[in-house]
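Shown next, in structure tokens, is the structure this report addresses.
The values are calculated or read from the model by the stated rules, or taken from the named source; none is laboratory data. Note that the structure is a prediction, hence the values are computed from the model and not measured. Cβ atoms come from the backbone with ideal geometry, glycine included; neighbour counts cover every protein chain shown. Ligands, DNA and RNA are stripped out before the accessible areas are found, and what is left, the full protein with its side chains, is counted by its heavy atoms. Shrake-Rupley method; radii C 1.70, N 1.55, O 1.52, S 1.80 Å.
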Amino acid sequence: MLSIRRASEADCALIRRLAGEVFPATYREILAPAQLDYMMEWMYSPENLRRQMAEGHVYYIAYKDGTPCGYLSVQPEAEDLYILQKIYILPRFQG
């Protein structure tokens, strides 16, 4: 069963762990290792995740049979209008 829940600051470590698996798998063919490391720190350090949340980014975590399998984030743009910032599914759950 697939379920999705809104993340809180307490989930920053989980989001970072998911990103640590999915982000390199997604971009390893087009980014150098140093670039991947830089982007992971820039977007997914616990401090930056908390800052994004404080600025209004809303993260959601997807679960497949109770196992975290992906995440997404949206940013409010206007009333009832959001920008999809990130959407990633772990490789073993894709397809």
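Quick notes on this structure:
- Scanning region 22-81 for residues that are β-branched (V, I, T) and under 18 Å from A7 (Cβ atoms) gives V22, V58, I61, T67, V74.
- Count of residues meeting criterion [among the polar types (S, T, N, Q) and not in a strand (DSSP E or B)] in region 1-14: 1
- For region 43-72, the tally of residues that are outside any strand (DSSP E or B), of a type in the set (A, V, I, L, M, F, W, C) and either closer than 22 Å to P91 by Cβ or touching a strand residue (DSSP E or B) at 6+ places or on another chain (Cβ under 6 Å) (or both) stands at 2.
- So R17, is it of a type outside the set (V, I, T), in a helix (DSSP H, G or I) and open to solvent by 70 Å² or more (accessible area, probe 1.4 Å): yes
- Of the residues making up region 73-93, those that are assigned to a loop (DSSP other than H, G, I, E, B) and open to solvent by 50 Å² or more (accessible area, probe 1.4 Å) are E79, D80.
- Count of region 13-42 residues which are closer than 24 Å to P76 by Cβ and free of Cβ contacts under 8 Å to residues at least 40 places away in the same chain: 3
- Summed over region 40-95, the residues that are among the aliphatic types (A, V, I, L, M) and modelled with pLDDT under 95 give a count of 3.
- Total residues in region 1-31, condition over 11 Å from the mean Cα position of the chain (by Cα), small (G, A, S) and farther than 13 Å from R50 by Cβ: 2
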